[in-house]
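For reference, the structure discussed in these notes is given below.
Values in this text are rule-based calculations from the coordinates and carry no lab data. Please read these numbers as outputs of a predicted model, since none were measured by experiment. Positions of Cβ are backbone-derived with ideal geometry, glycine not excepted, and every protein chain shown enters the neighbour counts.
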Amino acid sequence: MPMNLTHKILKEHLVEGKLEPGAEIGIKVDQTLIQDATGTMVWQQFHSFGIPRIKVPLCVTYVDHNILQTDYRNPDDHLFLQTMAARYGAIFSRPGNGISHFCHLERFDVPGQTMIGSDSHTCSAGAMAMLAIGTGGAEVAAAMAGEPFYIPCPKVVRVNLVGNFAPWVSAKDVILELLRRLTVKGGIGKVMEYTGPALERIAVYERETICNMTQELGATSGLFPSDEMTRRFLRAQKREQDWKPLAPDPGARYDEEIEIDLGQLEPLISKPSSPDNVVPVREVEGTPVRQVAVGSSVNSSYRDLAVVGAILRGKHIAPNLHMTLSPGSRQILINILKNGYYADYIVAGVQDRGVACGPCIGMGAAPPSGGNSVRTFNRNFKGRSGTEDDYVWLCSPETAAATAITGVITDPRKLGAPPEIEEPNEYVLYTQDFLPPAVNGHKVEIFTGPNIVPPPPVQPVAASLSGRVLLKLGDNISTDHILPGGNDVLPLRSNIPAISEYTFRYVDHTFPKRAQDAGGGFVVGGENWGQGSSREHAAIAPMYLGVKAILAKSYARIHESNLVNFGVVPLRFLNPADYESIEQGDELEMPDVRAAISAGRPVVARNKTQKAEYKLVPKLSPRQVEMLLSGGLTNYLKKKWAAQPARA
């Protein structure tokens, strides 16, 4: 039977389960990617396994989210990550070397391989025909220990791209159009596989833009074929030996199909404060702007930065705004320097924020209070920028550059003819800041600073649960709502007791104290609970504060897994209308929750305040049920390995 590309890669890596949508499958992992905001937890968990060396073929640890070193905490974490990588067999990418997804695209992505990463935008590698999936750090640590990676087998959606881009329209407008059509929930449980005649005109860096933000659809991943465009990119990176052709079979079957005519697209922009709040730029033209930011793990490629530089050439940014630049990698920075585009930024008055994610997660370049910030980034959740009352807009590099010049949101088509950008046939390579692991890793001493605290222990699910509803929220609550980033939060990523004090900071700053005073309890949410970042801190911190279960209508994939990994019960309303009758402060009791989950029957929750009763169900595989009842992934694996002494 003809196969789509997703199923081809899955079949080649399948170790457990069947390729039937929704059924749990286990796949062999070729590569793992770790970044600093989540990486200290990954390495702490791996270290606790007592395994002398990683068992995955390639692992790279990046310092890219938070390279600010305003006190000892960040440099301590960086040294911890470096010594862990050296000891256990991973490559270490030094601070300032680049954003993980661009560095990995340039140096390590290989068509046809699988990768999981402790960053939700790991799916960026789909631009190189890798099946790459973002997930929680505990699962990355498990893969590094040689375990398969488990996911529900995704549906596969064919996104057929036809036609040619009109002037001033680019890859960012493709993914914004998908978000406009499908919303942030439209990709849940799916891989978006990009096909069609237009691919011969869409370069790898542009494909990265589309794959990166496929995560904002809630999708498992995004995937392009490996074709002549892929080969050209690898040749320019002096890695043509890694190329091989990969494509879906003629007549391959898909679960759904979508077609986008590139010629019918126009410049689009995502309004505050959700990536799917998309409108044509022309509809919001003239909106005053206080900041323009170019960069992050999307739209900071050579192509994107060259486009903006060319538009800015001979001009200066408007006096009413501040503009920042965050190149995707040091190699990209070197190449825009070589070809003159970096000088265009400097002369135009743009501030270089360094080679890092930085502003995307609130690490510097926060916008002013109440001011509109136009960004080429991938997320605009409220407060994510580091400013609580921010108004962040997401757009293409072309729209950002036009806006920077005029001082108001501007349709770039007003600028006349677009610049012509030719990507180099050969890039100046920069590889010096990838540090190989130590040959004698057992001799490496792990650096541990005073802010690096072992994760709190996870307890098995109790026989019964009771407590107060500590908080009730609505649909599409992101991990940034649950536990934000920012300059005062991220440096605490290795210290759960300290970082937990920021739980629900922008939603209800009283939550941590109330939760502790109440001895824990429950949180209630609507659809798509936990969308966005993969950071498992958004599960660990509530667990540390005593949250025993989440009651929601539905969950984002990564966060639901993270809850299970750390012993917090993710329950779904059997009747979604029951959500309406629960109020914050209600007293709930679940008298036989453990037995119900174990037996696969609904959990009965009694609302003593409202005199009501609800039926709730966890949507978990048998493996996840066992893991939850064991007290999370680490406890589950140690129990499993104890029965396999030959493993050590």
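By counting other Cβ atoms within 10 Å of each Cβ, how are LEU14, LEU178 ranked from fewest to most?
On the way: LEU14 17, LEU178 26.
So the residues, fewest neighbours to most, are LEU14, LEU178.
Answer with a single label: of (1) 84, 71, 59; (2) 78, 63, 45; (3) 69, 56, 53, which was calculated as Cα extents along the principal axes in Å from the structure in view?
Correct label is (3).
In whole Å, what is the distance between the alpha-carbon centres of segment 575-627 and segment 67-120?
Answer, in whole Å: 40.
How much net charge surrounds ASN565 when only the other residues with a Cβ under 13 Å from the Cβ of ASN565 are counted, with Lys and Arg +1 and Asp and Glu -1?
With Lys, Arg at +1 and Asp, Glu at -1, the neighbours total -2.
Counting Lys +1, Arg +1, Asp -1, Glu -1, what net charge surrounds LYS18 among other residues with beta carbon under 11 Å of its beta carbon?
-2
Express as a percent, rounded to the nearest 5, the fraction of DSSP beta bridges in segment 5-263 (both residues included) that run antiparallel. Write out the running numbers ahead of the final one.
Values: 8 of 38 bridges.
Within segment 5-263, antiparallel bridges account for around 20 percent of the total.
I'd like the distance separating the alpha-carbon centroids of segment 476-551 and segment 259-333, in whole Å.
31
Figure the gain on full extension for LYS185 and GLU420 (residue separation times 0.36 nm, minus the Cα-Cα span) and round it to one decimal in nm.
Gain on stretching LYS185 to GLU420: 81.0 nm.
Considering only DSSP beta bridges whose two residues both sit in the chain, what percent are antiparallel, to the nearest 5?
35
Specify the inter-centroid distance of segment 18-54 and segment 377-413, based on alpha-carbon positions, in whole Å.
After rounding, the separation between the Cα centres reads 34 Å.
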